1. Being assigned to a loop (DSSP other than H, G, I, E, B) and touching a helix residue (DSSP H, G or I) at 6+ places or on another chain (Cβ under 9 Å) narrows it down to one residue among 77, 116; which is it?
2. If the requirement is being modelled with pLDDT under 90 and under 22 Å from the mean Cα position of the chain (by Cα), which of these qualifies: 134, 148?
3. If residue 67 meets every condition in (1) in contact with a helix residue (DSSP H, G or I) (Cβ under 6 Å, 6 or more places away or on another chain); (2) at pLDDT below 95; (3) over 13 Å from residue 29 (Cβ atoms) apart from one, which number is that one?
4. Kindly indicate the residue of region 63-74 that is in a helix (DSSP H, G or I) and touching a residue at least 40 places away in the same chain (Cβ under 8 Å) and also farthest from the chain's Cα centre (by Cα) among those meeting that condition.
5. Looking for whichever is part of a helix (DSSP H, G or I), touching a residue at least 24 places away in the same chain (Cβ under 8 Å) and under 27 Å from residue 157 (Cβ atoms) here; the options are 59, 94, 82. Which one fits?
6. Are there any pairs with C-beta distances below 9 angstrom linking a residue in region 1-29 that is within 15 Å of residue 85 (Cα to Cα) to a residue that is surrounded by fewer than 11 Cβ atoms within 10 Å (Cβ to Cβ), with the two at least 6 apart or on different chains, and if so which?
7. Scan region 97-113 for residues that are assigned to a strand (DSSP E or B) and either without any contact (Cβ under 8 Å) to a residue 12 or more places away in the chain or more than 12 Å from the chain's Cα centre (by Cα) (or both) and jot them down.
């Protein structure tokens, strides 16, 4: 996985810098998402990996799929990726691009795993507290996991806050073993 990220990183950075310079961050985000969805489609993924097709043909096929939803700059980006046989990296490039965009926008997507459904007031309180702690705009993605017994587990990048009953019980069990 590190190798894939290493290969994709310069393309994601170049895409972000170009989009930022053109003030088209959201547009490029959408175009990358579209190209990513096309590349992960099973039939198209086989076509992209087909050694019998030229790199130019692969780029033309992807551009045809995305036609009407991309601009000329993005078309050049696709051709550059194809020229270097990097079309399969588009989903990773899109993910890294979104990280650059989130850093630029000073926002973060936060996974909130809760034992029970959170009310809107609880979600607002949580978002306010996390925004203050992380110094970023927070977008929560809430999932329900009854195995937590109670409380929440919050994941924001590398930060994990385990406020679940299950987590507290695990800490207590570890302390008793020591």
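The values are calculated or read from the model by the stated rules, or taken from the named source; none is laboratory data. Please read all numbers here as calculations on a predicted model, not as lab measurements. Here Cβ is always computed from backbone atoms with ideal geometry, including for glycine, and neighbour counts include all displayed protein chains.
1. Working: 77 fails: assigned to a loop (DSSP other than H, G, I, E, B).
Being assigned to a loop (DSSP other than H, G, I, E, B) and touching a helix residue (DSSP H, G or I) at 6+ places or on another chain (Cβ under 9 Å) holds for just one of 77, 116, which is 116.
2. On the way: 148 fails: under 22 Å from the mean Cα position of the chain (by Cα).
Only one candidate qualifies: 134.
3. So residue 67 meets the others, but not (1).
4. As a first pass, look at region 63-74 and keep what is in a helix (DSSP H, G or I): 63-66, 72-74.
Among the residues that remain, those that are also touching a residue at least 40 places away in the same chain (Cβ under 8 Å) are: 73-74.
Details: 73: 22, 74: 19 Å.
Here the answer is 73.
5. Values: 59 fails: under 27 Å from residue 157 (Cβ atoms); 82 fails: under 27 Å from residue 157 (Cβ atoms).
That would be 94, the only listed residue that is part of a helix (DSSP H, G or I), touching a residue at least 24 places away in the same chain (Cβ under 8 Å) and under 27 Å from residue 157 (Cβ atoms).
6. That search, which allows pairs on different chains as well, returns nothing.
7. Taking region 97-113 first, the residues assigned to a strand (DSSP E or B) are 107-113.
If the condition is that a residue be assigned to a strand (DSSP E or B) and either without any contact (Cβ under 8 Å) to a residue 12 or more places away in the chain or more than 12 Å from the chain's Cα centre (by Cα) (or both), then 107, 111, 112, 113 are the ones that fit.
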